[in-house]
Amino acid sequence: MLKVGLTGGIGAGKSEVSRLLVEHGAVLIDADRIAREVVAPGTPGLAAVVAAFGEDVLAEDGGLDRPKLGSIVFADPDRLAALNSIVHPLVGARSRELESAAAEDAVVVHDVPLLAENALAPLYDLVIVVDASPETQLDRLVGLRGMTEQDARARMAAQATREKRLEIADVVIDNDVPLEELRRRVQEVWGDLVRRARASRTSQE
């Protein structure tokens, strides 16, 4: 098994890269998706979030009001740290469960937005960083996701710097390129991942 950490700044296009890797055969463990699952209605995770932030972060249907919570934590590093201290251990435990269910020769890609921020690089055999310029990130967040420029800049500022992410990268995928060029690069990276996975399995036999 090859354990790959995949990360990138918000709006860099990491989700597109993870989708392409799955098309090639990767087993994807999506930290964001798991983070939603562990605070779903009725979970201990949601109860802990409400205890820390109050019932104002609940939507009318009893689920988490993500925009409301986001507006609180992304403007206050201490509140963000408090939220992370609740959610991250739950996400880590669920991620380990899913990883243990993968085949021995699998390429397991952990899609982890805050990999650099939380110093998680040592957990993986290698780290892939999807990179895009801050200008591209901002354009995508405002133009494609409908954020205000102020909210987009706050989200970007709450994450690690571009330089910090690149420091931990074993592989960089440039996503300031057309989709076809991105596809070609991901295919190239996939070939390398498969070779590494085979080499790792052979060395363990």
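The values are calculated or read from the model by the stated rules, or taken from the named source; none is laboratory data. Everything quoted here is computed from the prediction, not taken from an experiment. Quick reminder, even Gly has a Cβ in these numbers, built from the backbone with ideal geometry, and neighbours come from all protein chains shown. Ligands, DNA and RNA are excluded from the accessible area calculation, which covers all protein heavy atoms including side chains. Shrake-Rupley method; radii C 1.70, N 1.55, O 1.52, S 1.80 Å.
So which GluC sites (Glu not before Pro) in region 1-95 are both in a DSSP loop and have at most 11 other Cβ atoms within 10 Å of their Cβ?
Within region 1-95, the qualifying GluC sites (Glu not before Pro) (loop, at most 11 other Cβ atoms within 10 Å) are Glu60.
By what distance, in whole Å, do the Cα atoms of the chain stretch along each of the three principal axes, largest value first?
Per principal axis, max minus min of the Cα coordinates gives 52, 38, 28 Å.
If r is the Cβ-Cβ distance from Glu167 to Leu126 and R0 is 22 Å, what FRET efficiency results, to the nearest 0.05?
The formula returns an efficiency of 0.95 here.
Considering only C-alpha atoms, what is the centroid distance from region 49-106 to region 133-201, in Å?
22
Once you treat every alpha carbon in region 25-122 as an equal point and sum by Debye, what is log10 I(q)/I(0) at q = 0.11, 0.14, 0.15 Å⁻¹?
Here the Debye-derived log intensity ratios amount to -0.37, -0.57, -0.65.
Using a 7 Å offset from the Cα along the Cα-to-Cβ direction at both Ala59 and Arg33, what is the distance between the two label points in nm, to one decimal?
According to this spin-label approximation, the distance is 1.9 nm.
How much solvent-accessible surface does Asp76 expose, in Å² to the nearest 10, with a 1.4 Å probe and all protein chains in place?
Spelled out: Asp76, probe radius 1.4 Å, area about 60 Å².
Once you put a point 7 Å from the Cα of Leu144 and another 7 Å from the Cα of Ala199, both along the Cβ direction, what distance in nm separates them?
Placing both labels 7 Å beyond Cα along the Cβ direction yields 3.2 nm.
Based on DSSP H runs of at least 4 residues, each adding -39500 (n - 2.57), what is the mean residue ellipticity at 222 nm of the chain after dividing by all its residues, to the nearest 500 deg cm²/dmol?
Helix contribution divided over all residues of the chain: -17000 deg cm²/dmol.
When the chain is fully extended, how far beyond the present Cα-Cα distance does Glu23 get from Arg66, taking 0.36 nm per residue of separation?
Using 0.36 nm per residue and subtracting the Cα-Cα distance, I get 12.5 nm.
With each label point set 7 Å from Cα along the Cα-Cβ vector, what nm distance links Glu104 and Asn118?
With each label point 7 Å from Cα toward Cβ, the separation is 3.0 nm.
Which aspartates and glutamates have a Cα less than 12 Å from the Cα of Lys3, not counting those fewer than 8 places away in the same chain?
Glu99, Glu104, Asp105, Asp111, Asp125
Using the crude model of +1 on Lys and Arg Cβ and -1 on Asp and Glu Cβ, and no other charge, please compute the dipole size for region 86-172 relative to its Cα centre, in debye to 20.
The calculation lands at about 400 debye.
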